[in-house]
Amino acid sequence: MTVEPGVRVGQKSDASVIERSWDEPETFAVLFDRHAGTVHRYAARRLGTEAADDLMADTFAIAFQQRHRYNTERGDARPWLFGIATNLVGRHRRAEARRFRALAQLPPADEAAGQGEALAERVAARVSAQGVRRELAGALARLPARNRDVLLLVAWADLSYEEAAQALGVPVGTVRSRLSRARSKVREALGGSDPTAFREESRS
(Lines give C-alpha, C1' and ligand atoms only; values in the text may rest on other atoms or scores of the structure.)
Protein backbone atom coordinates (compact mmCIF):
# COMPACT_ATOMS: atom_id res chain seq x y z
CA MET A 1 0.00 0.00 0.00
CA THR A 2 1.41 3.39 -1.00
CA VAL A 3 1.07 6.13 1.59
CA GLU A 4 1.81 9.80 0.99
CA PRO A 5 4.82 11.27 2.80
CA GLY A 6 3.61 12.68 6.13
CA VAL A 7 0.38 10.66 6.01
CA ARG A 8 -0.07 7.67 8.30
CA VAL A 9 -1.93 4.54 7.27
CA GLY A 10 -5.67 5.13 7.66
CA GLN A 11 -5.44 8.91 7.37
CA LYS A 12 -7.24 10.81 4.65
CA SER A 13 -5.20 11.96 1.66
CA ASP A 14 -4.16 15.59 1.29
CA ALA A 15 -6.69 15.95 -1.51
CA SER A 16 -9.49 14.73 0.76
CA VAL A 17 -8.45 17.19 3.45
CA ILE A 18 -8.38 20.08 0.96
CA GLU A 19 -11.74 19.13 -0.51
CA ARG A 20 -13.30 18.98 2.94
CA SER A 21 -11.82 22.39 3.74
CA TRP A 22 -13.92 23.91 0.97
CA ASP A 23 -16.92 23.68 3.31
CA GLU A 24 -15.04 23.42 6.61
CA PRO A 25 -12.12 25.88 6.36
CA GLU A 26 -10.69 24.90 9.75
CA THR A 27 -9.89 21.46 8.32
CA PHE A 28 -7.09 23.04 6.31
CA ALA A 29 -5.04 23.10 9.53
CA VAL A 30 -4.48 19.36 9.01
CA LEU A 31 -2.50 20.11 5.85
CA PHE A 32 -0.40 22.63 7.75
CA ASP A 33 0.34 20.12 10.50
CA ARG A 34 1.45 17.54 7.94
CA HIS A 35 3.69 19.64 5.74
CA ALA A 36 4.69 22.90 7.44
CA GLY A 37 7.89 21.38 8.79
CA THR A 38 9.16 20.16 5.43
CA VAL A 39 8.25 23.40 3.67
CA HIS A 40 10.06 25.37 6.38
CA ARG A 41 13.20 23.23 6.10
CA TYR A 42 13.24 23.67 2.32
CA ALA A 43 12.83 27.43 2.64
CA ALA A 44 15.48 27.66 5.37
CA ARG A 45 18.06 25.88 3.26
CA ARG A 46 17.42 28.29 0.42
CA LEU A 47 16.98 31.60 2.25
CA GLY A 48 17.96 31.07 5.89
CA THR A 49 15.89 30.41 9.00
CA GLU A 50 14.51 33.91 9.59
CA ALA A 51 13.22 34.33 6.04
CA ALA A 52 11.86 30.77 6.11
CA ASP A 53 9.40 31.65 8.89
CA ASP A 54 7.66 34.23 6.73
CA LEU A 55 7.94 32.18 3.54
CA MET A 56 6.32 29.14 5.14
CA ALA A 57 3.49 31.25 6.54
CA ASP A 58 2.95 32.91 3.16
CA THR A 59 2.99 29.52 1.40
CA PHE A 60 0.12 28.19 3.48
CA ALA A 61 -1.79 31.48 3.37
CA ILE A 62 -1.70 31.38 -0.43
CA ALA A 63 -2.55 27.68 -0.47
CA PHE A 64 -5.57 28.33 1.74
CA GLN A 65 -6.75 31.17 -0.51
CA GLN A 66 -6.34 28.97 -3.60
CA ARG A 67 -7.60 25.69 -2.13
CA HIS A 68 -10.75 25.67 -4.29
CA ARG A 69 -8.52 25.49 -7.36
CA TYR A 70 -6.61 22.43 -6.17
CA ASN A 71 -6.77 19.38 -8.46
CA THR A 72 -8.18 16.74 -6.11
CA GLU A 73 -7.06 13.96 -8.46
CA ARG A 74 -3.61 14.55 -6.96
CA GLY A 75 -3.66 12.95 -3.54
CA ASP A 76 -0.33 14.37 -2.40
CA ALA A 77 -0.28 18.16 -1.98
CA ARG A 78 3.49 18.46 -1.57
CA PRO A 79 4.22 19.38 -5.22
CA TRP A 80 1.55 22.09 -5.02
CA LEU A 81 2.91 23.48 -1.75
CA PHE A 82 6.53 23.36 -2.88
CA GLY A 83 5.52 25.04 -6.12
CA ILE A 84 4.03 27.93 -4.15
CA ALA A 85 7.10 28.07 -1.92
CA THR A 86 9.44 28.07 -4.91
CA ASN A 87 7.51 30.91 -6.52
CA LEU A 88 7.90 32.86 -3.29
CA VAL A 89 11.63 32.11 -3.23
CA GLY A 90 11.69 33.66 -6.69
CA ARG A 91 10.91 37.02 -5.10
CA HIS A 92 14.16 36.72 -3.17
CA ARG A 93 16.54 35.65 -5.96
CA ARG A 94 19.20 38.17 -5.05
CA ALA A 95 19.00 37.31 -1.36
CA GLU A 96 19.30 33.60 -2.14
CA ALA A 97 22.31 34.12 -4.39
CA ARG A 98 23.95 36.32 -1.74
CA ARG A 99 23.31 33.65 0.89
CA PHE A 100 24.96 30.93 -1.19
CA ARG A 101 27.90 33.18 -2.02
CA ALA A 102 28.34 33.98 1.68
CA LEU A 103 28.21 30.29 2.57
CA ALA A 104 30.82 29.61 -0.08
CA GLN A 105 33.16 32.06 1.65
CA LEU A 106 32.88 30.50 5.11
CA PRO A 107 36.10 29.00 6.47
CA PRO A 108 36.29 25.22 6.86
CA ALA A 109 35.13 23.86 10.21
CA ASP A 110 38.66 23.44 11.55
CA GLU A 111 39.44 27.10 10.79
CA ALA A 112 36.24 28.24 12.46
CA ALA A 113 36.97 26.31 15.67
CA GLY A 114 37.56 28.49 18.70
CA GLN A 115 35.83 31.55 17.28
CA GLY A 116 32.95 31.35 19.74
CA GLU A 117 29.57 32.09 18.20
CA ALA A 118 31.11 32.33 14.73
CA LEU A 119 29.00 32.67 11.62
CA ALA A 120 30.12 29.25 10.45
CA GLU A 121 28.82 27.66 13.67
CA ARG A 122 25.49 29.46 13.49
CA VAL A 123 24.99 28.36 9.89
CA ALA A 124 25.99 24.79 10.72
CA ALA A 125 23.35 24.70 13.43
CA ARG A 126 20.65 25.70 10.95
CA VAL A 127 21.13 23.13 8.24
CA SER A 128 20.64 19.38 8.20
CA ALA A 129 23.34 16.73 7.93
CA GLN A 130 23.07 17.13 4.16
CA GLY A 131 23.45 20.89 4.45
CA VAL A 132 25.20 23.19 2.06
CA ARG A 133 28.94 22.73 1.87
CA ARG A 134 31.04 25.70 0.87
CA GLU A 135 31.80 24.31 -2.56
CA LEU A 136 28.21 23.32 -3.23
CA ALA A 137 26.97 26.74 -2.11
CA GLY A 138 29.27 28.40 -4.61
CA ALA A 139 28.07 26.13 -7.39
CA LEU A 140 24.41 26.78 -6.53
CA ALA A 141 24.98 30.54 -6.53
CA ARG A 142 26.23 30.36 -10.12
CA LEU A 143 23.31 28.30 -11.48
CA PRO A 144 20.53 29.97 -13.47
CA ALA A 145 17.53 30.35 -11.16
CA ARG A 146 15.25 27.99 -13.10
CA ASN A 147 17.87 25.22 -13.05
CA ARG A 148 18.53 25.78 -9.36
CA ASP A 149 14.79 25.49 -8.64
CA VAL A 150 14.58 22.09 -10.32
CA LEU A 151 17.74 20.82 -8.67
CA LEU A 152 16.67 21.80 -5.16
CA LEU A 153 13.10 20.58 -5.53
CA VAL A 154 14.48 17.14 -6.36
CA ALA A 155 17.47 17.15 -3.99
CA TRP A 156 16.13 19.06 -0.99
CA ALA A 157 12.32 18.82 -1.25
CA ASP A 158 12.69 15.15 -2.27
CA LEU A 159 10.23 15.44 -5.17
CA SER A 160 10.25 13.05 -8.10
CA TYR A 161 10.74 14.41 -11.62
CA GLU A 162 6.98 14.23 -12.16
CA GLU A 163 6.27 16.03 -8.88
CA ALA A 164 8.84 18.73 -9.65
CA ALA A 165 7.15 19.21 -13.03
CA GLN A 166 3.81 19.65 -11.24
CA ALA A 167 5.34 22.11 -8.79
CA LEU A 168 6.82 24.28 -11.53
CA GLY A 169 4.09 23.83 -14.13
CA VAL A 170 6.51 22.57 -16.78
CA PRO A 171 6.80 19.28 -18.74
CA VAL A 172 8.76 16.42 -17.20
CA GLY A 173 11.18 16.63 -20.11
CA THR A 174 11.99 20.21 -19.12
CA VAL A 175 12.68 19.11 -15.57
CA ARG A 176 15.04 16.41 -16.82
CA SER A 177 16.96 18.77 -19.11
CA ARG A 178 17.28 21.52 -16.51
CA LEU A 179 18.32 19.00 -13.87
CA SER A 180 20.92 17.52 -16.19
CA ARG A 181 22.42 20.94 -16.89
CA ALA A 182 22.39 21.88 -13.20
CA ARG A 183 24.09 18.67 -12.09
CA SER A 184 26.67 18.98 -14.83
CA LYS A 185 27.61 22.41 -13.48
CA VAL A 186 27.69 21.12 -9.90
CA ARG A 187 29.91 18.18 -10.83
CA GLU A 188 32.21 20.50 -12.73
CA ALA A 189 32.49 22.83 -9.74
CA LEU A 190 33.07 19.98 -7.28
CA GLY A 191 35.63 18.07 -9.27
CA GLY A 192 33.31 15.33 -10.46
CA SER A 193 31.23 14.70 -7.33
CA ASP A 194 27.55 15.60 -6.99
CA PRO A 195 26.09 15.58 -3.45
CA THR A 196 22.64 16.40 -4.86
CA ALA A 197 22.37 13.12 -6.77
CA PHE A 198 21.18 10.86 -3.95
CA ARG A 199 18.31 8.41 -4.58
CA GLU A 200 18.75 8.94 -8.30
CA GLU A 201 17.50 5.42 -8.98
CA SER A 202 14.04 6.40 -7.76
CA ARG A 203 13.77 9.43 -10.02
CA SER A 204 13.59 7.79 -13.42
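The values are calculated or read from the model by the stated rules, or taken from the named source; none is laboratory data. Bear in mind that the values here come from a model prediction, so they are computed numbers and not experimental data. Here the Cβ positions follow ideal geometry from the backbone for every residue, glycine too, while neighbour counts run over all protein chains shown.
Among the residues of the range 175-191, those identified as small (Gly, Ala, Ser) and under 10 Å from ALA139 (Cα atoms) are ALA182, ALA189. Beta carbons closer than 7 Å, at least 6 apart along the sequence or on distinct chains, pair a first residue in the range 139-164 that is at negative phi with a second that is among the polar types (S, T, N, Q) and in a loop (DSSP other than H, G, I, E, B) for LEU151/THR196; ALA155/THR196. Any residue at all in the range 164-171 that's at pLDDT 95 or above, crowded, with 18+ Cβ neighbours inside 10 Å and not aliphatic (A, V, I, L, M)? Taking every residue of the range 164-171 in turn, at least one turns out to be at pLDDT 95 or above, crowded, with 18+ Cβ neighbours inside 10 Å and not aliphatic (A, V, I, L, M).
The single condition from (1) farther than 29 Å from ALA189 by Cβ; (2) modelled with pLDDT under 95 that GLU26 fails is (2).
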